[in-house]
Amino acid sequence: MQNDFNKINGSLLKEARKKQNLTLTEVAKKCGKSVGWLGDIESGRNRIYFDDMKILCSLYNITLDEISLKIDELQEKL
């Protein structure tokens, strides 16, 4: 279940990043993280901590509520 959540969350974050026309490198630099870290989050290999989620949502101009609703919708389909 956690693995499914990680994959859904990562996919939504990747989609949001691309909508903002940001590269992995740009976002990683703004977050003070490595490109590998962000790639692992987006691919669902690693989970994301709440504070990091807030930072990414802010960079992508989305709210935590918006992404939470999308996660819930996608999990219901599984």
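Worth pointing out:
- Test result for Ile67, touching a Phe, Trp or Tyr at 6+ places or on another chain (Cβ under 8 Å), surrounded by 13 or more Cβ atoms within 10 Å (Cβ to Cβ), in a helix (DSSP H, G or I) and at pLDDT below 95: no
- Qualifying position, being modelled with pLDDT of 95 or more, surrounded by 14 or more Cβ atoms within 10 Å (Cβ to Cβ), outside any helix (DSSP H, G or I) and of a type in the set (Val, Ile, Thr), among Ile41, Ile55, Ile48, Ile62: Ile62
- Single unsatisfied condition, Gln75 versus (1) surrounded by fewer than 17 Cβ atoms within 10 Å (Cβ to Cβ); (2) at pLDDT 95 or above: (2)
- Evaluation of Leu12 against (1) in a helix (DSSP H, G or I); (2) of a type outside the set (D, E, K, R); (3) without any contact (Cβ under 8 Å) to a residue 40 or more places away in the chain (one fails), failing number: (3)
- Test set (1) part of a loop (DSSP other than H, G, I, E, B); (2) of a type outside the set (Val, Ile, Thr); (3) touching a residue at least 40 places away in the same chain (Cβ under 8 Å) - Asn21 fails condition number: (3)
The values are calculated or read from the model by the stated rules, or taken from the named source; none is laboratory data. Just so it is clear, the model here is predicted, and its values are computed rather than measured. As a convention, Cβ positions derive from the backbone with ideal geometry for all residues, glycine included, and neighbour counts pool all protein chains shown.
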